[in-house]
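The values are calculated or read from the model by the stated rules, or taken from the named source; none is laboratory data. Quantities reported herein were computed from a predicted structural model and do not represent experimental measurements. Note: ideal-geometry Cβ built from the backbone for every residue, glycine included; neighbour counts use all protein chains shown. For the accessible areas, the whole protein counts, side chains as well, though only heavy atoms, and no ligand, DNA or RNA atoms are used. Shrake-Rupley method; radii C 1.70, N 1.55, O 1.52, S 1.80 Å.
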Amino acid sequence: QVQLVESGGGLVQAGGSLRLSCALSGRTFSNLGMGWFRQAPGKEREFVAGISWTRITYYADSVKGRFTISRDNAKNTVALQMNSLNPEDTAVYYCAADKTGRTNNNVYQYDYWGQGTQVTVSS
């Protein structure tokens, strides 16, 4: 059974940083495309960042230059370093995996999802 477990969320002041991590178990990690999405109350789930199995990265315009996605195949983890946070970044952040190995911003292309971790940025 494939499981994705996120960690690292919390409360931070505007301008601060957080690092999210997502650990995968139950299948081979290195050939998966990985992504981070977020969902704020009353809004649709939106793409944040993605990394392919070849380490090609892709970011939403709203986080470009502030967030960095990375993967550690030895540890079966993907991380999201978030800097210069602002209140608009407040959301539940989800980790997702794409069996094709690609990175993309389409929520329907991802096969596995974590339970999410809350990120709250205070002004």
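Numbers for the structure displayed
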| quantity | calculated |
| --- | --- |
| Accessible surface, the stretch 6-81, averaged per residue in Å² (probe 1.4 Å) | 50 Å² |
| Those trypsin sites (Lys or Arg not before Pro) in the stretch 46-113 that DSSP places in a loop and that have at most 11 other beta carbons within 10 Å | Arg55, Lys64 |
| Residue-level accessible surface for Ile56, protein heavy atoms, 1.4 Å, Å² | 100 Å² |
| For the chain, convex hull volume per residue from C-alpha positions, Å³ | 90 Å³ |
| Length-normalised contact order of the chain in % [C-alpha pairs under 8 Å, at least 6 apart] | 37 percent |
| Accessible-area composition of the chain, carbon plus sulfur, in percent [1.4 Å probe] | 46 percent |
| Directionally averaged projected area (convex hull, Cα atoms, the stretch 6-70), nm² | 5.4 nm² |
